[in-house]
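Step one of this worksheet: look at the structure below.
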Amino acid sequence: MIIDSKLPNVGTTIFTVMSTLAAEYEAVNLGQGFPDFPMNEELAGLVRDAVSQHYNQYAPMPGWMPLREAIAEKIAFLYGAGVNPDTEITITPGGTYAIYSALTTILQPGDEVIVFEPAYDSYIPNIEANGAKAVTVNLVFPDYHINWEAVKNAITPKTKAIIINSPHNPTGSVISQKDIIELRKITEGTNIFIISDEVYEHLIFDDIQHQSILRYPDLLQRSFVCFSFGKTYSCTGWKMGYCVAPTPLMKEFRKVHQFNCFSCHTPSQVGLANFLHNKDAYLSLSAFMQQKRDYFVQLMEQTRFSMQHSSGSYFICGTYERISDESDKDLAIRLTKEVGVATIPVSAFYQNAKDDKVLRFCFAKKKETLEAAVEKLVKI
């Protein structure tokens, strides 16, 4: 039996490759984006309570209503937006699923979607699996800002959507109010949708305001906005997230969702519904993670890497012109095998493997983990 692959150019992701190498060589893993410190015990306890209280059957297809109501309250508090929990919020098994479902909802074969590179690795396969085409626009190195003139030039009559991601994986850059103005100019009067990946909404530093699409009613009317509880509460393995969209868009989103996942893990939803009322748990996250960023940058001053600035996310990038002229992929593999530290080559986030000699580091780790990694990196 032969399958005519929908993703003929896709193999094992670089994250799997590097994590496998890290395990094989017992390297400190600063590659894949997950915390190695414990999650909030109160939240864990609430989920355990939900299990013992027999919340173990299917939740409603759109999600546990008390959780959707808590999300709507949070959105009103943070962004001043009125979102209907009944018709405009759907709970999903993770942020990546929400993005895939949004793209599947709107795309037809032959459509085009503008994607900024370097890009989170699921975007383009999601687009291509739906028979559409990704049109890539490079963020401007080294600060990875958006060239809006290039975006204008990339738009065609086939353009169905633009994907934005802020705070950005892998670079840690963020969208500004000026970017929002440009996005509004480009999409106004068109039928272009916006897929806004905001899974790192609470991981934004230096007192920068997160420019959520939820702040802008005109943009929200054409948008699917995707979030992750895993990134917010350091429980990435739960695969819990949600999507926010206007009622007509969400109605179509749920048509896809109900025949795929249908319903997400009920005890987690019950626990999260109760925990979301603890505002400090998400309001304090930026300062907590900024301390880790700053500590890691301070440690890395002992090495020959040149660290770039990260304004958000779990990640910071570094160049290595003082170390080697080899490709970023070759260096990442060598560091894992010979030095004992796993990173991610940023070329993996480009379709054409554009190599600016940059590695991505995850600093969402225990202090001891960061220190152990840098202790090895200083020897290069």
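Tabulated results
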item	result
Unique match (being surrounded by 13 or more Cβ atoms within 10 Å (Cβ to Cβ), over 20 Å from the mean Cα position of the chain (by Cα) and among the hydroxyl-bearing types (Ser, Thr, Tyr)) among 232, 187, 236	187
Qualifying positions in the range 122-147 - acidic (Asp, Glu) and either outside any loop (DSSP other than H, G, I, E, B) or buried (at least 18 other Cβ atoms within 10 Å of the Cβ) (or both)	128
Cβ pairs under 7 Å, 6+ apart, first in the range 1-29 and at pLDDT 95 or above, second among the charged types (D, E, K, R) and surrounded by 15 or more Cβ atoms within 10 Å (Cβ to Cβ)	28/376
Check on residue 119, closer than 27 Å to residue 173 by Cα and part of a loop (DSSP other than H, G, I, E, B)	yes
Evaluation of residue 224 against (1) within 23 Å of residue 97 (Cα to Cα); (2) not assigned by TED's automatic domain parsing to the domain that holds residue 186 (one fails), failing number	(2)
Output for the range 138-168, where each listed residue is free of Cβ contacts under 8 Å to residues at least 40 places away in the same chain and in contact with a strand residue (DSSP E or B) (Cβ under 6 Å, 6 or more places away or on another chain)	139, 147, 150, 151
Residue list for the range 148-160, restricted to those being exposed (fewer than 14 other Cβ atoms within 10 Å of the Cβ) and either small (Gly, Ala, Ser) or outside any loop (DSSP other than H, G, I, E, B) (or both)	149, 152, 153
Complete set of residues in the range 356-375 that are farther than 28 Å from residue 285 by Cα and buried (at least 17 other Cβ atoms within 10 Å of the Cβ)	357
Residue in the range 28-37 that is surrounded by 15 or more Cβ atoms within 10 Å (Cβ to Cβ), more than 21 Å from the chain's Cα centre (by Cα) and not assigned by TED's automatic domain parsing to the domain that holds residue 203 present	yes
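The values are calculated or read from the model by the stated rules, or taken from the named source; none is laboratory data. Since this is a predicted model, take the numbers as computed values, not measurements. In this analysis, Cβ positions are derived from the backbone assuming ideal geometry, glycine residues included, and neighbour counts consider all displayed protein chains.
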